[in-house]
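The values are calculated or read from the model by the stated rules, or taken from the named source; none is laboratory data. All figures in this text were calculated on a predicted structure; none of them were measured in a lab. Reconstructed Cβ throughout: ideal geometry from the backbone, glycine too, with neighbour counts over all protein chains shown.
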Amino acid sequence: MTIFLTGASGLVGSAFACAAARRGHRVIGVVGTHQGELEGVAQLLRLDLASEPATTTAVLDVFPQAIVNCAAVSLPEACDADPVHAQALNVTLPATLARLAHHVSARFIHLSSEQVFAGDRNVRYGRESPQSPVNLYGRQKAESERAVHAAAPRCAVTLRPPLLTGNSVSGRRSLHERLMLDWMEGRSPRLFTDEMRQPCSAENLAEAMLELCERDDVCGIHHWAGAELVSRHQLGVAVRERFKLTEGEAPIIATTRADVPAVARRRPESLALDLAPLAGRLKTRPESLAEQLAALTVPPACRAWYHRRLSRPSPR
Ligand SMILES: NC(=O)c1ccc[n+]([C@@H]2O[C@H](COP(=O)([O-])OP(=O)(O)OC[C@H]3O[C@@H](n4cnc5c(N)ncnc54)[C@H](OP(=O)(O)O)[C@@H]3O)[C@@H](O)[C@H]2O)c1
């Protein structure tokens, strides 16, 4: 099938393009600022998706069988810095794409976020749990869900992914890449010991999204995540061990939410997700943390540093 993919250069979009191409689909990938080819993308469109007319023209030109929306202002701080631009990408764009999907009878896969929930540590959030986002990003994602499913109730699926792991095109997007850059540049990252997430890899999420593109018997809002709930600090330590770095060369400062209450207020504390009923209906399985760690690679900017460090004789 022909798939119109937005955010083709992002962490999830790039994984999705590769997975879809492997299964023989033709991916028309939209990028914003990205330069250069992208694996799995048959045709690249450079487009400002904040422009509704330009988006509409592009979709109608392609007339796809599926639209997959991986474009967003995906960092909460970036939403706070430019709320109007974030609203255009995080709310208006998915609403427009949902209307277009309905118009051309295409499947529509949209990505929301686990951050539509407040993050109560005593709750395992199901897809129908009440939403109460604690930041603008979460509020925009919640609004996008309502707009998408009002516009395309029978062809749209929205997934709420968790914190994502994986290897990005830029080598600077995901948690392990940012940690490696910090360590290379001599910075000690601060990671919360009491902020809990259920991470999954962008590749595993992309497989689930692709399955949802290829079938038409699942609609509505669903959860997808990994198999384990871990703190950000545990994740950081696991990354350090994965790359066989020592505590001395890859320091992490253990931080609690109580240390930085102003920051903590705007971040959900614990996001345990119930994957029912989707996990029982897909062939794709939620991944363990060990599987995710095994697939991580050293980002290009850190390779020389990393290999120099590996070739150093180990201390006696
Ligand atoms: N990463 C996570 O941990 C995570 C967790 C939960 C949910 N999500 C959600 O999952 C989705 C994918 O996230 P991600 O991490 O893959 O995002 P990402 O790596 O930040 O990529 C964002 C993508 O959006 C594109 N984009 C942004 N503004 C654009 C514009 N004006 N015109 C055209 N393209 C534009 C970017 O293109 P250029 O780079 O080419 O400009 C890029 O391809 C998002 O909806 C995000 O909110 C992500």
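Only a single criterion out of (1) away from the ligand (no atom under 13 Å from the Cβ); (2) within 20 Å of ARG107 (Cα to Cα); (3) touching a helix residue (DSSP H, G or I) at 6+ places or on another chain (Cβ under 7 Å) is not satisfied by GLU39, namely (2). Of all the listed residues (ASP82, ASP120, ASP48), the sole one being near the ligand (Cβ under 8 Å from one of its atoms), over 19 Å from the mean Cα position of the chain (by Cα) and among the acidic types (Asp, Glu) is ASP48.
Exactly one residue among GLU177, GLU143 is within 16 Å of the ligand (Cβ to nearest atom), in a helix (DSSP H, G or I), surrounded by fewer than 21 Cβ atoms within 10 Å (Cβ to Cβ) and modelled with pLDDT of 95 or more, and that residue is GLU143.
Tallying residues that are more than 9 Å from the ligand (Cβ to nearest atom) and crowded, with 22+ Cβ neighbours inside 10 Å within the stretch 65-75 yields 3. Kindly evaluate PRO153 against the criterion of being in contact (Cβ under 8 Å) with a residue 40 or more places away in the chain, part of a loop (DSSP other than H, G, I, E, B), within 12 Å of the ligand (Cβ to nearest atom) and not basic (Lys, Arg). Criteria not met by PRO153.
Looking at the stretch 156-174, which of its residues are in a strand (DSSP E or B) and closer than 24 Å to VAL298 by Cβ?
Hits for the stretch 156-174 are LEU164, THR165.
Would you say ALA19 is touching a helix residue (DSSP H, G or I) at 6+ places or on another chain (Cβ under 7 Å) and either more than 13 Å from the ligand (Cβ to nearest atom) or without any contact (Cβ under 8 Å) to a residue 40 or more places away in the chain (or both)?
For ALA19, the condition - touching a helix residue (DSSP H, G or I) at 6+ places or on another chain (Cβ under 7 Å) and either more than 13 Å from the ligand (Cβ to nearest atom) or without any contact (Cβ under 8 Å) to a residue 40 or more places away in the chain (or both) - is met.
Criterion first (more than 26 Å from GLN131 (Cα to Cα), touching a His at 6+ places or on another chain (Cβ under 7 Å) and modelled with pLDDT of 95 or more) does VAL298 satisfy it? No. More than 30 Å from LEU289 (Cβ to Cβ), surrounded by 21 or more Cβ atoms within 10 Å (Cβ to Cβ) and in contact with a Leu (Cβ under 9 Å, 6 or more places away or on another chain), is that true of LEU164? No; evaluated as a whole, the condition is false for this residue.
Considering the stretch 96-112 alone, what residues qualify as being closer than 17 Å to GLY138 by Cβ and either away from the ligand (no atom under 12 Å from the Cβ) or of a type in the set (A, V, I, L, M, F, W, C) (or both)? Show your work before the answer.
Narrowing the stretch 96-112 to residues closer than 17 Å to GLY138 by Cβ: 110-112.
Passing the criteria: only LEU111.
Report yes if ARG124 is basic (Lys, Arg), out of contact with any Lys or Arg (no Cβ under 6 Å at 6 or more places or on another chain) and without any contact (Cβ under 8 Å) to a residue 60 or more places away in the chain, otherwise no. Against the criterion (basic (Lys, Arg), out of contact with any Lys or Arg (no Cβ under 6 Å at 6 or more places or on another chain) and without any contact (Cβ under 8 Å) to a residue 60 or more places away in the chain), ARG124 does not qualify.
Determine which member of the set ALA225, ALA208 is closer than 27 Å to LEU97 by Cβ, surrounded by 23 or more Cβ atoms within 10 Å (Cβ to Cβ) and either within 12 Å of the ligand (Cβ to nearest atom) or not aliphatic (A, V, I, L, M) (or both).
Answer to the selection: ALA225.
With respect to (1) touching a helix residue (DSSP H, G or I) at 6+ places or on another chain (Cβ under 7 Å); (2) within 22 Å of ALA86 (Cα to Cα); (3) not aliphatic (A, V, I, L, M), the lone exception for ARG139 is condition (1). The set of residues in the stretch 123-140 that are within 16 Å of the ligand (Cβ to nearest atom) and of a type in the set (Gly, Ala, Ser) contains only GLY138.
Is the stretch 146-166 home to any residue that is β-branched (Val, Ile, Thr), farther than 18 Å from GLU228 by Cα and out of contact with any strand residue (DSSP E or B) (no Cβ under 7 Å at 6 or more places or on another chain)? No, every residue in the stretch 146-166 fails to be β-branched (Val, Ile, Thr), farther than 18 Å from GLU228 by Cα and out of contact with any strand residue (DSSP E or B) (no Cβ under 7 Å at 6 or more places or on another chain). Residues in the stretch 114-139 that are surrounded by fewer than 18 Cβ atoms within 10 Å (Cβ to Cβ), out of contact with any strand residue (DSSP E or B) (no Cβ under 9 Å at 6 or more places or on another chain) and not in a loop (DSSP other than H, G, I, E, B): none. Scanning the stretch 89-111 for residues that are within 22 Å of the chain's Cα centre (by Cα) and among the small types (Gly, Ala, Ser) yields ALA95, ALA98, ALA101.
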